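Student: My questions will all concern the structure given below.
Nothing in this text is a laboratory measurement; each read-out follows from the coordinates by a stated rule. Keep in mind that what you see is a predicted model, and the values were worked out from it rather than measured. Ideal geometry is used to build each Cβ from the backbone, glycine not excepted, and the neighbour counts take in all protein chains shown.
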Amino acid sequence: MLGPGISPLSDGKHTQPVDHRTRLRRILLVITCVFSVTFFLVHGGRYVSRLTSGFAAYYGFSKMLLDGLPLSNAYAYEYFNAQLREYGFTGIWDIEYNLPSNSLPFLPFAFLSPHASKIAWTVASLILYLLSVRMLLLIHGIEWWSNLGLSVIALAALWRPSYHCIAHGQMYFLVLFLFTLALRGLVRKRVSLVSIPLASAFFAKGYGVISILWLMFNGRTRMMLTTILIVVAAMVVTLPIIHLDAWVTYWNTVASDFGSLAKSGRVAYQTLTSLILHLFSYDSRWLPSPLIELPTHLVRLLIFLTNVGLTVFALTAARSNNSSLLPISFSIGIAINVVTAPMAEEYHFVLVLPLAISFLCYFFSEENSIANLDLWKIIVIVSIIVLAVPIGYKSLQDSSFPLYLMAYPKLYAALLLIVGSLFATRKTKT
């Protein structure tokens, strides 16, 4: 009679040790997950009521709308910061770069005092982050308590951009939730569940143009047109609240120069725009050591062609009739939103997490064993690690060429994640 733990198909010599190793890996994974989540929550608790720039801009913008002040004045640096001081933000200076419609999502929190608002906003943001990760697991049919599920939770809890989101009270957990909701709508083939979240992400934060283009590249014309109509309708409906002069001022003072200003080349902005500006523009404060200084109009053209070229290449290559690759394909579009943005600090890279999770869920599920690793999958895994961990690249801001090329690790990692995902999935496309 077979002893306990002995498979009838084995000789009984190696099954028991394998079972012990499996249990040990499981225990270590649970401990890692618990530690990661605990560390994340403890870190978040340190910033739960701390007032910071970023959060101050959201609060001040919405508070001005609540108080009936012209939003067009928010784009005047001195005026806006005078309002921040009046609202209780001492020693914090900020500048308003957001769309006028960005004043609406934060409006419910502007009724509170700054500290109470920050607490409520942080709690709400953490809930949205949790729901986003949970939704991504559901999209891929992964149970949260499975080994892969626990690995994803640990990755999300250690994802460095999420720490920056909490520290600065940023809005990108909300944007992440909206993009994830749109992905769920795509999987379920529901137009409203795609169009409303995408339109909301654009209306709230100006994010999602590439994702709307993804719909066009993948033949989701009805979803694309519905999304555009919702954005236009929202702008028209809110005009009595926001007023046209706010949009005109935004265009004249922000949008017209967005991404071409010298400060957009700071290494804090891990984007293609920043890298190109660093290489080909000169500014005594922000860009002291270009490789070669080009005329401004040529730099703008180079930025435009590079961003458009990457977008067209990636969206074309990401097209697939394989429904199981849909989350990876759509998540590539989300990630391109980040690297082609005019300005994207590290907290923007929380939006790259859906691609990282979708890749892991697809290639390391039971049907796709880790034993099938190839070069591109290894490149993607290394890229995910680079995106997840803290790196002190900002110290290279004033370095000379070629040293400052090392100051864009998050950008390079995101680009390799995008390209690596495309090549890793090429064999499974039909």
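Student: At a Förster radius of 30 Å, what calculated FRET efficiency corresponds to the Cβ-Cβ distance of Ala124 and Ile378, to the nearest 0.05?
Tutor: Taking R0 as 30 Å, the efficiency between Ala124 and Ile378 is 0.20.
Student: Calculate the FRET efficiency for Ile228 and Leu138 from the Cβ-Cβ distance with a Förster distance of 45 Å, rounded to the nearest 0.05.
Tutor: 0.95
Student: From the C-alpha gyration tensor of the chain, pull out the three semi-axes of the equivalent ellipsoid (sqrt of 5λ each), sorted largest to smallest, in whole Å.
Tutor: Details: eigenvalues 303, 126, 106 Å².
Each semi-axis is the square root of five times an eigenvalue, giving 39, 25, 23 Å.
Student: Round to the nearest 0.05 the FRET efficiency obtained for Asp67 and Val248 when R0 = 25 Å and r is the Cβ-Cβ distance.
Tutor: 0.75
Student: Let me ask something additional. Under a 10 Å cutoff between Cα atoms, tell me which one of Tyr412, Tyr47, Tyr77 has the largest fluctuation in the Gaussian network model of the chain.
Tutor: Tyr77
Student: Going through the stretch 214-322, which trypsin sites (Lys or Arg not before Pro) have at most 15 other Cβ atoms within 10 Å and a DSSP loop state?
Tutor: For trypsin sites (Lys or Arg not before Pro) across the stretch 214-322 that sit outside H, G, I, E and B with at most 15 neighbouring Cβ atoms in 10 Å, the list reads Arg285, Arg319.
Student: Taking the Cα atoms only, what angle lies between the long axis of helix 326-339 and the longest principal axis of the chain, rounded to 10 degrees?
Tutor: Orientation of helix 326-339: about 40 degrees from the principal axis.
Student: Please report, in debye to the nearest 20, how large the charge dipole of the stretch 257-430 is about its Cα centre when each Lys and Arg carries +1 at its beta carbon and each Asp and Glu carries -1 there.
Tutor: It works out to roughly 220 debye.
Student: What is the distance, in nm, between label points placed 7 Å from the Cα along the Cα-to-Cβ direction at Ser53 and at Val308?
Tutor: My value for the distance between the label points is 3.3 nm.
Student: Which semi-axis lengths, in whole Å and largest first, follow from the square roots of five times the eigenvalues of the Cα gyration tensor of the stretch 13-86? Write down the numbers at each step before the final one.
Tutor: Details: eigenvalues 589, 25, 14 Å².
Sorted largest first and rounded, they come to 54, 11, 8 Å.
Student: Can you pull out the chymotrypsin sites (Phe, Trp or Tyr not before Pro) in the stretch 144-228 that DSSP calls coil and that have at most 13 other Cβ atoms within 10 Å?
Tutor: Trp145
Student: As an exercise, identify the GluC sites (Glu not before Pro) in the stretch 48-148 lying in DSSP coil whose Cβ has no more than 16 other Cβ atoms within 10 Å.
Tutor: Numbers: sites: Glu78, Glu86, Glu96, Glu143; in loops: Glu96, Glu143.
Listed in order of number, the matching sites are Glu143.
Student: Figure the gain on full extension for Thr90 and His297 (residue separation times 0.36 nm, minus the Cα-Cα span) and round it to one decimal in nm.
Tutor: 70.6 nm is the gain from fully extending Thr90 to His297.
Student: Something else now. Among Pro409, Leu279, Ser421, whose Cα sits farthest toward the positive end of the charge dipole of the stretch 257-430 (+1 at Cβ of Lys/Arg, -1 at Cβ of Asp/Glu, about the Cα centre)?
Tutor: It is Ser421, whose Cα lies furthest towards the positive end.
Student: Rg (Å, one decimal) plus Dmax (Å, integer) for the alpha carbons of the stretch 188-280?
Tutor: 16.3, 45
Student: Now a separate question. For the stretch 257-430, what are the per-bin percents of Cα-Cα distances with bins 10 Å wide, up to the bin holding the maximum?
Tutor: The distribution over the stretch 257-430 is 10, 37, 31, 16, 5, 0, given as percents.
Student: Any idea what diffusion coefficient the stretch 112-206 gets from Stokes-Einstein, in µm²/s, Kirkwood Rh on alpha carbon pairs, 10 °C, 1.306 mPa s?
Tutor: Diffusion coefficient, whole number: 111 µm²/s.
Student: Another question about this same structure. Could you give the nm distance between label points at Arg25 and Ile385, where each point is 7 Å from its Cα heading toward the beta carbon?
Tutor: Taking the two extended label points, one gets 1.7 nm.
Student: Give the residue from Ser192, Thr32, Asn102 lying farthest towards the positive end of the charge dipole for the chain; charges sit on Cβ (+1 for Lys and Arg, -1 for Asp and Glu) and the dipole is referred to the Cα centre.
Tutor: Of the candidates, Thr32 comes out farthest on the positive side.
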